[in-house]
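Only one structure is covered here, and it is reproduced in the block below.
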Amino acid sequence: MGSFATLDQFADRFAEASVLVRLDLNSPIEDGTVQDNRRFERHARTVSELAADGHRVICLAHQGRPGRDDFTHLDQHADVFSEHLDQQIAFVADVHGEDAVAAIEDADPGEVVLLDNVRMVEDELADREPAEHAESDLVSQLAAPADAYINDAYSAAHRTHASLVGFPYVLPAYAGRVMETEYEANSAIARRSFDGKVTMVLGGTKATDVIGVMDAIGDKVDRFCLGGIVGELFLRARGNPVGVDLPGEGTALFGEQWERNEETIRSMLEERGDQIRLPVDLAYVGEDGERAEVDVEDIDEKITPFPDVGTQTVRNYREEIVDSEAVFVKGALGLFEDERFSEGTVGVLEAIAETDCFSVVGGGDTSRAIGMYWLDEDSFSHVSIAGGAYIKALTGEPLVAIEVLEANEPE
Ligand code: 3PG
């Protein structure tokens, strides 16, 4: 465990405190509607614990970024979050002005308030060092009426933003339950040593991120099982004619990621090809619109997308998983949202669920497959709600908001 204080130490010291709690409620927005997801459910555990103990809970969170379509106020988030808390929470359309300060001063024991999107004020995203953020108006005006700060936003902990790194310099600061459990599970590969085989299943569309992970922790992993975009790029490097964008598809998925990573992929295959398992077959849409499969060695030219790995590949990956002591998953092996192409992603998750290995499943997409295909979340050691922070943790890089909590641990 990192040497930061948790809610256990907070509970020993405070009663009916006015506490600022940084959450990560950043969510997909479809047709203007905030989509419910695991982040609400997980943060509700931290917030209910605090409210049940009689604290006055003032939540801070962000949504999107200025200039993006998903940049919006948090009024809908307050409603979705209320359902998970079984308690109506008050939304205050202000971040650190008079209304926000009054909301902190006036909150009753057990009350929960959500302030507006912290990214709506410039201080939040200003390019400053953590200690400088502590002097910003955002931090000083909110800290004045508050007794303590809790950071539960593990999935944003790689960002040097005011509400994530400033408060620990001016208030007693603690890690919330989400922060604590995510840290423990996601950094296990960097911090723990496993006696048995360690396997990583990597897929999704962000091949560059995944290759970065492979590069950083190659010495801690016995087997990498690849699918998705990264799987095709490795096959291409090995000489199979896949891993290219088809006309009309743009170049971002394969072309640009190939340019960027070709050299690294080739040297990985050369230096530690034994560690890397690649698809032996791939799935595509057949003439009748159903799933069809082809052996990788029978592909002469890529004329159709391959939205999933094939059945034999899934069998091979299952074999790797069942005798592993630890399995980490990042990114889906196929487009599982389309049931025809869910075999790779779901097959791997089922294999993990059937074994009693230590397992961490991360990345928003992959964890969504767990709910979609009725897998039991409890069959996994941990299902992460983080994206970028999970990638950083896998590579062993420190997360700045956690470093700040550690550096300012209350006495
Ligand atoms: C996330 O959704 O991964 C976090 O909230 C971080 O969001 P960001 O990438 O916009 O900083």
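If the chain between Glu41 and Asp298 were fully stretched, how many nm would it gain, using 0.36 nm times the residue separation less the Cα-Cα distance?
Working: separation 257, 0.36 × 257 = 92.52 nm, distance 4.60 nm.
Gain in length upon complete extension: 87.9 nm.
Taking Rh as the Kirkwood radius computed over C-alpha pairs, what is the Stokes-Einstein D of the chain at 25 °C in a medium of viscosity 0.890 mPa s, expressed in µm² per second? Each step should come with its number before you reach the end.
Details: Rh = 22.5 Å.
Once the numbers are plugged in, D ends up at 109 µm²/s.
Sequence-distant or interchain residues sharing an amide H contact under 5 Å with Asn117, placed H: which?
Under 5 Å from the amide H of Asn117: Leu74.
Tell me which GluC sites (Glu not before Pro) from the range 295-404 have a DSSP coil assignment and no more than 16 other beta carbons within 10 Å of their own. Write down the numbers at each step before the final one.
On the way: sites: Glu297, Glu301, Glu319, Glu320, Glu325, Glu337, Glu339, Glu343, Glu350, Glu354, Glu377, Glu403; in loops: Glu301, Glu337.
For GluC sites (Glu not before Pro) across the range 295-404 that sit outside H, G, I, E and B with at most 16 neighbouring Cβ atoms in 10 Å, the list reads Glu301, Glu337.
For Glu30 and His73, FRET efficiency with R0 = 22 Å and r from the beta-carbon atoms, rounded to 0.05? Show your work: numbers first, answer last.
Numbers: r = 17 Å, r/R0 = 0.75.
That gives a FRET efficiency of 0.85.
Can you give me the long-range amide H partners of Val21? Hydrogens built in the peptide plane at 1.01 Å from N, cutoff under 5 Å, separation of 5 or more residues or another chain.
Sorted by chain and number, the residues that satisfy this are Ile58, Cys59, Leu60, Ile150.
Hey, for a label at Ser140 modelled as a point 7 Å past Cα toward Cβ, could you say which residues of the range 169-208 have their backbone N under 18 Å away?
169-172
What full-extension length gain, to one decimal in nm, is calculated for Glu122 and Ala407 as 0.36 nm per residue of separation minus the Cα-Cα distance?
Residue separation times 0.36 nm, minus the Cα-Cα distance, leaves 100.1 nm.
Just to make sure I understand: if all protein chains stay in place, what is the order of Met268, Met372 by accessible area at 1.4 Å, largest first?
On the way: Met268 5, Met372 80 Å².
The residues order as Met372, Met268, largest area first.
Taking R0 as 45 Å, what's the FRET efficiency between Ala15 and Arg272 from their Cβ-Cβ distance, rounded to 0.05? Mind dumping the intermediate values first?
Details: r = 55 Å, r/R0 = 1.22.
The computed FRET efficiency comes out at 0.25.
Once you place label points 7 Å from the Cα toward the Cβ at Glu249 and Asp94, how far apart are they in nm?
Inter-label distance under the simple model: 5.2 nm.
Measuring with a 1.4 Å probe in the full set of protein chains, what accessible area per residue, in whole Å², belongs to the chain?
Working: 17310 Å² over 411 residues.
Here the residues of the chain average 42 Å² of exposed surface.
Would you mind telling me the antiparallel percentage of the DSSP bridges in the range 188-395, rounded to 5? Write down the numbers at each step before the final one.
Working: 7 of 26 bridges.
Looking only at bridges with both residues in the range 188-395, the antiparallel portion is about 25 percent.
Put a dot 7 Å past each Cα toward the Cβ at Ala102 and Arg238; how far apart are the dots in nm?
6.6 nm
Taking the simple approach of a point 7 Å from Cα along Cα-to-Cβ for both Gln312 and Ala52, what is their distance in nm?
5.3 nm
Given a 1.4 angstrom probe, I'd like the percentage of the accessible area of the range 188-395 that is carbon and sulfur, rounded to a whole number.
Working: 4040 of 9100 Å².
On the range 188-395, the fraction of accessible area on carbon and sulfur atoms equals 44 percent.
Springs between alpha-carbon pairs under 10 angstrom, Gaussian network model over the chain: which of Gly196, Gly289, Gly64 fluctuates most?
Of the options given, Gly289 has the highest mean-square fluctuation.
What whole-number distance in Å separates the alpha-carbon centres of the range 263-335 and the range 124-170?
Centre-to-centre distance over Cα atoms comes out at 43 Å.
For Thr355, put the label point 7 Å out on the Cα→Cβ axis and report which residues of the range 201-217 keep their amide N under 15 Å from it.
Correct set: 201-202.
May I ask what percent, to the nearest 5, of DSSP beta bridges between residues of the chain are antiparallel?
Working: 9 of 47 bridges.
Approximately 20 percent, going by the DSSP bridge assignments.
Just from its helices, what would the mean residue ellipticity at 222 nm be for the chain, if runs of 4 or more DSSP H residues each count -39500 (n - 2.57) and the sum is divided by every residue, rounded to the nearest 500 deg cm²/dmol? Provide the component values of the computation, followed by the final result.
Working: 18 runs with 161 residues, N = 411.
Per the formula, -11000 deg cm²/dmol.
Which number comes out as Rg/Rh for the range 188-395 once both Rg and the Kirkwood Rh are worked out on C-alpha atoms? Numbers along the way, then the final one.
Numbers: Rg = 15.9 Å, Rh = 16.9 Å.
Taking Rg over the Kirkwood Rh, I get 0.94.
State the Cα centre-to-centre distance between the range 341-399 and the range 179-255 in whole Å.
13 Å
When the accessible area of the range 1-129 is computed with all protein chains present and a 1.4 Å probe, what percentage of it is carbon and sulfur? Numbers along the way, then the final one.
Details: 2320 of 5840 Å².
Exposed carbon and sulfur together represent 40 percent of the surface.
Give me the number: length gained by fully extending Trp374 to Glu290, i.e. 0.36 nm times residue separation minus the C-alpha to C-alpha distance, one decimal in nm. Present the calculation step by step, with values, prior to reporting the outcome.
Working: separation 84, 0.36 × 84 = 30.24 nm, distance 2.27 nm.
Gain on extension, Trp374 to Glu290, equals 28.0 nm.
5 Å is the cut-off here: which amide hydrogens, built 1.01 Å from N in the peptide plane, fall below it relative to Asp70, excluding neighbours closer than 5 in sequence?
Answer set, sorted by chain and number: Arg65.
The values are calculated or read from the model by the stated rules, or taken from the named source; none is laboratory data. These figures come from a predicted structure and were not determined experimentally. Note that we place each Cβ from the backbone using ideal geometry, even for glycine, and neighbour counts take in every protein chain shown. Please note that ligands, DNA and RNA were not included when accessible areas were found on the heavy atoms of the full protein model with its side chains. Shrake-Rupley method; radii C 1.70, N 1.55, O 1.52, S 1.80 Å.
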